[in-house]
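The values are calculated or read from the model by the stated rules, or taken from the named source; none is laboratory data. Quick caveat, the model's predicted, so the values are computed rather than measured. Glycine gets a Cβ as well: all are built from the backbone with ideal geometry, and neighbour counts include every protein chain shown.
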Amino acid sequence: MVAYADFHRRSIEDRDAFWSEQAKLVEWETQPQQICDYSNPPFAKWFVGGKTNLCHNAVDRHLKDRADQAALIFVSTETNQEHTYSFRDLHAEVQRMAAILKDLGVTKGDRVLIYMPMIAEAAFAMLACARLGAIHSVVFGGFASHSLATRIEDASPKVIISADAGSRGGKGVPYKPLLDEAIKLSAHKPANVIMVDRKLAAFTPVAGRDVDYATERAKHMDTVVPCEWVESTHPSYTLYTSGTTGKPKGVQRDTGGYTVALASSIPHIYQGKPGGTFFCTSDIGWVVGHSYIIYGPLIGGMATIMYEGLPIRPDGGIWWSLVEKYKVNVMFSAPTAIRVLKKQDPALLTKYDLSSLQALFLAGEPLDEPTAKWISEGLNGKAIIDNYWQTETGWPILTICNGVEKAPSKFGSPGKAVYGYNVKLVDDQTGEELTGANQKGVLTIEGPLPPGNLQTIWGDDKRFVSTYWNTVPNKLVYSTFDWAVRDEDGYFFILGRTDDVINVAGHRLGTREIEESISSHPNIAEVAVVGVADQLKGQVAMAFAIAKDTSGLTDDAARKVLEAEVMKVVDSQLGAVARPSRVIFVTSLPKTRSGKLLRRAIQAVCEKRDPGDLTTIDDPTALQQIKDQIV
Ligand code: PRX
């Protein structure tokens with residue numbers, strides 16, 4: 001075994017040699033001519049001159065050795081369906097989907113938006129796009145029409161792939177009305193919509209635009225659609241994520257760098273092996289789903305479980321029963337899910353044979369010590385491994401790379417810098433690097449960002465540079481917008497965001513987007529949304545609003561009515577995922593004399609902490625009002 005410190009050092013100091021070795025984990029149609037072109041910082045180009053295909057590496061390349069092995073295991077406790085697709089089956093299904101897209105005129109570089117629940121067809125859709133060199137943009141099924149419309153407009157897809165409905169707790173959740181409304185709202189109109197009809201919610205197809213997946217699929221049972229070899233730098237997908245403005249950013253990923261990064265992460269980070277089974281409980285609408293439900297495990301020759309349903313239905317043992325049944329080796333989830341399970345009977349953790357399971361990886365939000373301890377003990381001492389990363393990076397920035405060298409985890413810490421990442425803590429005011437132990441700074445990454453990280457923001461190179469690279473004074477470094485400290489052993493501890501992004505149950509949300517949505521209610525004059533610590537969800541959004549007409553808001557009942565109306569607006573525009581837990585009415589909001597909202601002070605008051613220096617506050621009674629209302 002190589003010492004991890006050496007492995008990491010080599011990835012930075014002898015970057016090209018290191019990554020050219022990792023690139024051997026991937027099949028190339030044309031070998032790269034140059035490993036990394038960083039002649040135009042901060043834009044990095046990886047494996048320049050190389051040609052490959054993401055779908056080839058996830059599916060076709062495995063046909064020679066493992067055609068009959070399980071590739072995609074679809075389990076729905078919502079519709080009680082369970083189906084295993086071998087690599088051969090998956091290859092056939094992906095070609096059928098690709099043939100439908102081709103019939104609709106989709107070619108290399110075209111965008112295809114995917115708005116689907118966790119069903120096997122969503123995986124076929126993503127892989128079919130990659131096969132054709134089309135750029136997919138998956139939108140989380142929990143988002144509603146306004147969120148969807150902004151993404152349709154920005155991605156300008158030729159085709160949208162969707163379904164009649166998702167399902168939650170056994171109840172159908174219609175998608176089609178939200179999609180139709182979003183297309184109406186968007187200035188860009190897709191030429192076609194492919195509809196997967198699960199028969200969960202009746203709908204009327206739009207003539208000339210909507211095509212039925214089952215009908216089209218039947219025409220292409222044996223159609224062969226070869227992989228389109230694309231340049232390593234060709235975009236594979238965009239995925240929208242929240243920032244500090246109301247407009248979501250389309251994180252753009254390349255093809256070659258992403259394939260290499262994932263191929264390398266499977267053995268080195270997740271210790272997955274070809275023939276094994278990976279079970280990631282995220283959703284394809286999030287980055288974790290892209291990297292570790294779909295592409296990563298398949299590239300690594302592993303079977304991947306795609307699970308539609310709740311973690312506690314039919315009971316809190318459902319995930320562990322799947323671990324037993326499918327001999328899962330690697331499991332990946334989020335701390336919130338574990339906190340949900342914590343409320344169930346702990347005996348469910350030991351009811352099933354979990355001997356196949358090597359480790360449980362958790363990511364997306366801080367892993368609190370009680371939760372880590374509970375699950376570690378409940379699973380009889382199985383390794384619980386925290387990993388810290390972002391939509392932008394596509395794979396972990398910090399963790400313990402046990403596949404390189406076994407090392408202990410520390411509770412509360414995601415671990416050390418992952419190979420390829422030149423992580424630096426810097427002072428936010430001076431940009432000075434903080435090298436001492438336990439000094440708090442902003443977690444930054446020195447360029448070039450490693451393979452697999454975002455290339456740019458879709459259609460907006462300027463925003464890419466100004467958002468991520470120009471925030472630290474006197475330095476061109478990538479900011480994660482997270483505060484952190486590093487201890488004397490090199491373990492990092494994440495201390496929360498430096499910006500207005502909040503994390504609700506592992507879902508990343510922008511407070512500005514929620515504020516904009518709330519402000520569209522005719523009786524709202526002004527609003528501030530903050531993330532407040534929550535025992536179950538990590539954080540919840542709380543809104544403090546000023547009503548335009550307060551004459552009706554004389555009692556609690558009246559306020560509750562307006563609160564419910566505001567929540568409905570957010571539900572219908574952004575989706576229930578963004579709904580604030582409370583909307584509290586005030587007559588003024590705490591601001592600086594120059595008019596800047598003091599969100600941090602509001603948050604501190606809500607969390608019963610000291611709001612800090614308030615010398616710049618314009619109207620101190622505003623904060624007092626909030627204090628009075630939240631007790
Ligand atoms: O604040 C950090 C938090 O989630 C943000 C990224 O969220 P997202 O783009 O949705 O990507 C999630 C990919 C796993 C980060 O900036 N975050 C993510 N993982 C952790 C975390 N905070 C603490 N510990 C983690 N392991």
- Restricting attention to the range 476-489, does a residue exist that is basic (Lys, Arg) and farther than 24 Å from Cys401 by Cα? no
- Query: Do you know which residues across the range 346-369 are near the ligand (Cβ under 10 Å from one of its atoms) and either small (Gly, Ala, Ser) or in contact (Cβ under 8 Å) with a residue 60 or more places away in the chain (or both)?
  - Reply: Phe361, Ala363, Gly364, Glu365, Pro366
- Task: At least 1 residues that are in contact with a Leu (Cβ under 8 Å, 6 or more places away or on another chain) in each: list the strands (runs of 3 or more DSSP E) lying fully within the range 201-270 that qualify.
- Result: 210-212, 249-253
- Message: Restricting to the range 330-345, name every residue that is surrounded by 22 or more Cβ atoms within 10 Å (Cβ to Cβ) and more than 16 Å from the ligand (Cβ to nearest atom).
- Response: Leu341
- Scan the range 1-28 for residues that are touching a residue at least 60 places away in the same chain (Cβ under 8 Å) and over 30 Å from the mean Cα position of the chain (by Cα) and jot them down. Met1, Val2, Ala3
- Message: Out of the residues in the range 282-300 meeting the condition of being under 18 Å from Tyr85 (Cα atoms) and out of contact with any strand residue (DSSP E or B) (no Cβ under 8 Å at 6 or more places or on another chain), tell me which one is nearest to the ligand (Cβ to nearest atom).
- Response: Tyr295
- Would you mention how many residues in the range 564-588 are modelled with pLDDT of 95 or more, surrounded by fewer than 15 Cβ atoms within 10 Å (Cβ to Cβ) and not in a loop (DSSP other than H, G, I, E, B)? 3
- Query: Restricting the range 487-512 to residues that are of a type in the set (Val, Ile, Thr) and within 16 Å of the chain's Cα centre (by Cα), which is nearest to the ligand (Cβ to nearest atom)?
  - Reply: Val501
- Pairs with Cβ under 8 Å, 6+ apart, first in the range 494-509 and more than 13 Å from Thr480 (Cα to Cα), second of a type in the set (D, E, K, R) and near the ligand (Cβ under 7 Å from one of its atoms): Ile502/Arg508; Asn503/Glu365; Asn503/Arg497; Ala505/Glu365; Gly506/Glu365
- Taking the range 372-406 as the region of interest, how many residues are out of contact with any Gly (no Cβ under 6 Å at 6 or more places or on another chain), within 11 Å of the ligand (Cβ to nearest atom) and in a loop (DSSP other than H, G, I, E, B)? 7
- Single residue of the range 407-423 satisfying the filter (surrounded by fewer than 22 Cβ atoms within 10 Å (Cβ to Cβ) and away from the ligand (no atom under 16 Å from the Cβ)) that is nearest to the chain's Cα centre (by Cα): Asn422
